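To keep things clear, I will list the structure first and then write my remarks on it.
Every read-out reported here was derived from the displayed coordinates using simple, explicitly stated rules and does not represent laboratory data. In this text the structure is predicted, and so the values were computed from the model without any measurement. Note that we place each Cβ from the backbone using ideal geometry, even for glycine, and neighbour counts take in every protein chain shown.
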Amino acid sequence: MNKVYDIIIIGAGLGGLTGGAFLSRVGKKVLVLEKSKVIGGRCSSRIWDGFSFDVGADYFAKGMLKTFARLDKDIALRPLGFLVKSFNKGKVMTIPPGLHLIRELSGFGMNKKEIAGFGFRMMKELVFEGYSKRYKTNDRVIDEVTDNPLLRNILNIGAFFSGSLPYKMPSYWFNLLFGRTYGYDFPFYPMDGAQRIPDLLAEVIRENGGEVRTNVSVEKIHIEKNKAAGVKTTDGEIEADIVISNSGIQDTVFNLVKGKGFSAEFKNRVKKYKPGLLMNSIFTAFKTNAGTINGVHLYCYFPPDIREMFAALHSGKIPDEPMFTVSVPDAVTGKMTDGCYTGTIKFITPRGEKRKDVILKEAERVIDMVDRVIPNFTKSIIYKKIVTSEDYEDEIGFESCIAPIAESIEYKKMNHRMPVKGIYSVGATVLPNGGCTASSVESGRRCAEEILG
Ligand code: AMP
């Protein structure tokens with residue numbers, strides 16, 4: 001019997017959509033099934049009260065543009081470069097680095113010799129992976145690069161972004177965040193917002209005869225004679241010899257396949273993956289005269305000792321001083337809604353903290369602290385929606401950890417090809433490195449390559 005679809009993709013996250021885009025371009029008949037009403041997963045936007053917010057990722061790397069160029073969508077993405085300002089003890093550091101860095105680092109108490117030494121060691125790492133090849137953890141790479149406490153805090157930012165603990169972050173994160181692995185050394189934001197990224201990928205699939213359906217949940221992957229045979233969905237049964245899952249490795253193995261056909265060793269390996277620390281988002285709209293800087297999308301506030309903060313969070317305590325970020329894409333795109341910019345504040349929930357009143361109180365403390373990075377922020381707010389880590393799944397549709405599986409030296413990434421024939425996995429858990437948008441896109445591209453041989 002002729003099957004209607006060559007490939008079924010479970011979940012319209014960046015990995016699934018990118019895989020689908022490449023496969024449909026070479027003539028494969030692709031069907032993407034997304035359970036929620038919005039595509040994009042952790043790279044998507046929502047509109048509340050007329051204001052649009054990115055509910056997951058808001059930081060993209062120029063390396064992604066290469067992939068989009070291969071799909072002829074790089075121009076449509078309209079990427080805009082932006083700056084990141086990191087605040088630590090009243091001092092500021094701006095990335096991407098430029099000549100301003102020398103002035104900024106002297107503000108960190110570093111003399112010319114120390115700055116030159118730092119520059120040299122950064123080059124050694126970013127060009128030759130001089131330290132990350134040698135050491136296991138990101139922490140250890142930072143030890144080699146600088147002993148300046150303020151700078152060390154800032155270099156640990158990956159722990160915040162991935163919800164991982166600094167001493168468990170794999171060393172490859174250093175080059176990933178500051179170097180050329182994916183091009184995060186030149187971050188960009190799409191002119192039309194983060195949702196534009198999955199929308200363009202879906203466009204490629206549709207232009208090439210594929211389908212992307214929303215509000216359809218996959219409940220089961222059928223296996224026949226040890227091979228993928230199709231899926232059971234809330235809309236009925238659909239046959240296909242190849243199924244790519246973007247629903248997360250644990251969900252795929254234990255819920256969708258129910259362990260069938262996987263060895264005990266493989267299942268044990270999958271079980272070990274742990275989610276990252278959870279994030280809270282405060283979505284705000286504020287008057288444009290609050291004091292944001294044009295072209296600056298991200299403001300990062302660092303506590304005096306980020307490792308101490310993680311130790312508190314890890315043991316379930318509210319830290320003395322939290323780390324938080326404020327993203328203001330409108331200050332890059334120049335868009336305004338009702339004379340306002342939108343901004344999203346993020347901070348981490350202490351491990352295991354489920355009391356909403358405790359998290360909400362912390363949210364209010366964080367809001368008050370934003371004036372330290374945007375001078376008139378608090379008095380300029382005209383709209384505010386706090387979505388705590390506890391509410392994320394219900395409100396937005398996914399758990400609030402940025403990387404669904406924490407980056408950790410304790411486990412290696414999976415291959416795209418699962419041990420059952422015809423089943424593939426894409427997203428943050430699988431190769432290549434990093435739980436970020438760029439790595440998710442890359443996982444989809446590589447999975448498509450693997451399928452096409
Ligand atoms: P991400 O977490 O960004 O990689 O995105 C994963 C996407 O897969 C999200 O949009 C989820 O809503 C979607 N998803 C997860 N499980 C299923 C499922 N069983 N059926 C359909 N879509 C799913």
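Sorting V441, V216 by the number of Cβ atoms found within 10 Å of their own Cβ, with the fewest placed first, yields V216, V441. A simple rule links phi to the HN-Hα coupling: the Karplus curve 6.51 cos²θ - 1.76 cosθ + 1.60 with θ = phi - 60°, which for region 331-341 gives 6, 9, 7, x, 7, 9, 10, 6, x, 10, 9 Hz, with x for Gly and Pro. With the gyration tensor restricted to C-alpha atoms of region 162-319, the semi-axes of the equivalent ellipsoid amount to 37, 26, 16 Å, longest first.
Sparse packing (at most 16 other Cβ atoms within 10 Å of the Cβ) combined with a DSSP loop state is found for the following trypsin sites (Lys or Arg not before Pro) in region 186-253: K225. Cβ-to-Cβ counts within 10 Å put L150, L452 in ascending order as L452, L150, the fewest first. Each part reduced to its alpha carbon centroid, region 293-369 and region 246-260 end up 33 Å apart.
Counting Lys +1, Arg +1, Asp -1, Glu -1, what net charge surrounds Y5 among other residues with beta carbon under 13 Å of its beta carbon? Mind showing how you got there, number by number?
Numbers: positive: K3, K28, K29, R213; negative: D6, E211, E237, E239, D241.
Computed value for this residue: -1.
With neighbours defined as other Cβ atoms within 10 Å of a residue's Cβ, the residues E442, E265 order from fewest to most as E265, E442.
Helix-only arithmetic for the chain: the sum of -39500 (n - 2.57) across DSSP H runs with n ≥ 4, divided by the residue total, places the mean residue ellipticity at 222 nm at -9000 deg cm²/dmol.
Relative contact order of region 262-343: 36 percent, from C-alpha pairs under 8 Å at least 6 residues apart in sequence.
In the chain, the longest principal axis of the Cα atoms and the axis of helix 437-452 are about 30 degrees apart. Charge dipole (Cα centre; +1 on Lys/Arg Cβ, -1 on Asp/Glu Cβ; no other charges) of the chain amounts to roughly 980 debye.
Where Lys and Arg each count +1 and Asp and Glu each count -1, what net charge lies around D192 among other residues with Cβ under 11 Å from its Cβ?
Numbers: positive: R78, R196, K335; negative: D199.
Value of the local net charge: +2.
Under a 5 Å amide H cut-off, with hydrogens placed 1.01 Å from N, F186 pairs with K62 among residues at least 5 apart or on other chains.
The Cα center of region 1-61 and the Cα center of region 109-159 differ in position by 37 Å. Computed over region 87-178, the alpha-carbon pair-distance distribution with 5 angstrom bins reads 3, 14, 25, 26, 20, 11, 2, each value a whole percent.
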